[in-house]
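J.: Here it is, the structure in full.
Derivation of every value follows stated rules applied to the coordinates shown; laboratory data play no part. Predicted model, so just to flag it, every value in this text is computed and none were measured. Using ideal geometry, Cβ is built from the backbone for each residue, glycine included, and neighbour counts are taken over all protein chains shown.
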Amino acid sequence: MDWVDLRSDTVTRPTRAMREAMLEADVGDDVYGEDPTVNILQQRLAGDLGFEAGLFVPSGTQSNLLALMSHCERGDEYIVGADAHTYKFEGGGAAVLGSIQPQPIAHDVDGSLPLDKVAAAIKPIDPHFARTRLLALENTWHGRVLPMDYLRDARDLVRERGLALHLDGARLYNAAVASGVRPAEIARHFDSVSICLSKGLGAPVGSVLVGSAALIDKARRWRKVTGGGWRQAGMLAAACLHALDHHVERLADDHARAARLAQGLRDIPGLNLLGLHTNMVFVDVPAARLRELDAHLRAASIRISIGYLPTLRLVTHLDIDDAGVERVIDAFKTFFAN
Ligand SMILES: *Cc1c(COP(=O)(O)O)cnc(C)c1O
C-alpha cells in the first residue's frame, strides 16, 4: 500500500511529466548566468509577481536569508513574528550569518503581527539601538491567509517609517488560490518575496527570491558567499517551471481535501479539531496517546509528524488523493473507537 504522508507538503515526489520536463531542459553554468532555463524561471516569476528580477536558490531558508542579508547590514534589525519560519525554524541564520538582530513580535491568531506593536518596536535612530530596517511577514502562516487589508496597512506603516517589507511567501500560491486573487495582488505590497516551489507546487528542489534588480544583485553575491552558487541547475528550474504551469490551480484540490479531512475528523470523540487553513488541518490529541496513535497510523501506511506539541498538523498535497484522505479518516476513527 502507498504511504499517505501528512507530515508536510515538502514530501511530494516529481511526477513523470515533471521528470520528462527535467530531462528536456537546456542547461548552462548558472554562476556565469548562462543557464537558460534558470534565467527563464527567474524572469518568469519576477514578471508574474511584478518585480524586476529573481534569483533561483536551493531552499526557502536560503532565499529568506539572502533577502534579510540584502535588506539589512551588520548591526541592523528586522521585525518578525515570534512563530515565523524565518525567526524560529531557520537556525537563527540572520543573526548567525548576517549579524542582523531579530525583533520578534507575538502573532495575532490570524497570523498577522499587530501593527501598533510593530510600530512600538521600531527603534529610534540613536547609537544605543540596532537600526530597524525591515519588517518580515509570512503568508500563508501555519496555513492561514493574511487579510488583504492588513497587507495594505503594513505597507502604509513601513512607508511612513522608512522600512522595507519582505514576505516569506513559501506558500504564497496557496494564499492566492484560496483567496481567488492573482499572486501579484499579494506580492505588490512587498519589496521582496520568497517563494518555495518545493512545497505544494511539487518541485523536488527550489525557491525563488524576487525583488528589485539592485536587491537581487546583492542577493546573488550572498548566494555565492553562502555556497549556493550552482552550475547546471536548469534541470531543477525546469521542474519549477513545470510546477508553475501545471500545479498552481490544483492547489485548490489540496484545500478541498484538507476540508474533507477536517469534516471527517470533526466528530471523532477524543479528538479535538482546532482548525482548517488552506492545506493544513490542526487537531489536538491527548499527549499520552500520541505514540500509540502514530504506531496505529503507521500500520495503516499513514505518516504523521508527532513533533513537539500535542497539536498535530496534517498537511495535504500533490501525492494525497481522495482515497488517501478517506483512509486517514477511517484510521483515526478506528483508533479512537478503542
Ligand atoms: C518550508 C518553509 C520555508 C523554508 O523552506 P526550506 O526550503 O525548507 O528551507 C520558509 N518559510 C516557510 C513558511 C516554510 O514553510
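J.: Which ones in the stretch 1-47 are assigned to a loop (DSSP other than H, G, I, E, B), of a type in the set (D, E, K, R) and either buried (at least 22 other Cβ atoms within 10 Å of the Cβ) or in contact with a Leu (Cβ under 9 Å, 6 or more places away or on another chain) (or both)?
T.: Listed by number, the residues that qualify are ARG7, ARG13, ASP35.
J.: Let me ask another. Considering only the stretch 1-26, state which residues are free of Cβ contacts under 8 Å to residues at least 60 places away in the same chain and acidic (Asp, Glu).
T.: GLU20
J.: How many residues are within 16 Å of the ligand (Cβ to nearest atom) and more than 21 Å from the chain's Cα centre (by Cα) if we restrict to the stretch 14-47?
T.: Summing the residues that are within 16 Å of the ligand (Cβ to nearest atom) and more than 21 Å from the chain's Cα centre (by Cα) in the stretch 14-47 gives 0.
J.: Can you tell me which residue is farthest from ARG171 (Cα to Cα) among those in the stretch 48-87 that are in a loop (DSSP other than H, G, I, E, B) and within 9 Å of the ligand (Cβ to nearest atom)?
T.: PRO58
J.: Continuing with the same structure: If I ask for residues that are within 14 Å of the ligand (Cβ to nearest atom) and touching a His at 6+ places or on another chain (Cβ under 7 Å), which ones from the stretch 143-169 would you list?
T.: GLY143, ARG144, HIS166, ASP168, listed by residue number.
J.: In the stretch 60-95, which residues are among the polar types (S, T, N, Q) and closer than 27 Å to ASP110 by Cβ?
T.: The answer is THR61, SER63, ASN64, THR86.
J.: Right, another one. For the stretch 88-103, what are the residues that are more than 15 Å from the ligand (Cβ to nearest atom) and assigned to a strand (DSSP E or B)?
T.: GLN101, GLN103
J.: Follow-up question, since we're still on this one. Suppose we filter the stretch 282-310 for residues that are surrounded by 14 or more Cβ atoms within 10 Å (Cβ to Cβ) and of a type in the set (Ser, Thr, Tyr); how many remain?
T.: 2
J.: Which of the numbered conditions does ASP217 fail, given that it passes all the others? Conditions: (1) part of a loop (DSSP other than H, G, I, E, B); (2) surrounded by fewer than 18 Cβ atoms within 10 Å (Cβ to Cβ).
T.: If we test ASP217 against (1) part of a loop (DSSP other than H, G, I, E, B); (2) surrounded by fewer than 18 Cβ atoms within 10 Å (Cβ to Cβ), just (1) comes out false.
J.: Further question on the same structure: Take the stretch 181-218 and flag every residue that is closer than 19 Å to SER8 by Cβ, within 12 Å of the ligand (Cβ to nearest atom) and in contact with a Ser or Thr (Cβ under 8 Å, 6 or more places away or on another chain).
T.: Residues satisfying the conditions are SER194, ILE195, CYS196, LEU197, SER198, LYS199, GLY200, PRO204, VAL205, GLY206, SER207.
J.: Listed residues VAL283, VAL328; which is assigned to a strand (DSSP E or B), hydrophobic (A, V, I, L, M, F, W, C) and over 23 Å from GLU249 (Cα atoms)?
T.: VAL283
J.: If you check LEU244 against the conditions, is it buried (at least 16 other Cβ atoms within 10 Å of the Cβ), hydrophobic (A, V, I, L, M, F, W, C) and over 30 Å from GLY98 (Cβ atoms)?
T.: The answer is no for LEU244.
J.: Search the stretch 80-111 for residues being touching a residue at least 60 places away in the same chain (Cβ under 8 Å) and buried (at least 19 other Cβ atoms within 10 Å of the Cβ), and hand back the single one that is farthest from VAL158 (Cα to Cα).
T.: Among them, the one singled out is HIS85.
J.: Condition (residue is in a loop (DSSP other than H, G, I, E, B), surrounded by 23 or more Cβ atoms within 10 Å (Cβ to Cβ) and in contact (Cβ under 8 Å) with a residue 24 or more places away in the chain) applied to the stretch 177-197: is it met by at least one residue?
T.: Among the residues of the stretch 177-197, at least one is in a loop (DSSP other than H, G, I, E, B), surrounded by 23 or more Cβ atoms within 10 Å (Cβ to Cβ) and in contact (Cβ under 8 Å) with a residue 24 or more places away in the chain, which makes the answer yes.
J.: Out of the stretch 123-162, which residues are of a type in the set (D, E, K, R) and either buried (at least 19 other Cβ atoms within 10 Å of the Cβ) or part of a strand (DSSP E or B) (or both)?
T.: ARG131, ARG133, GLU138, ARG144
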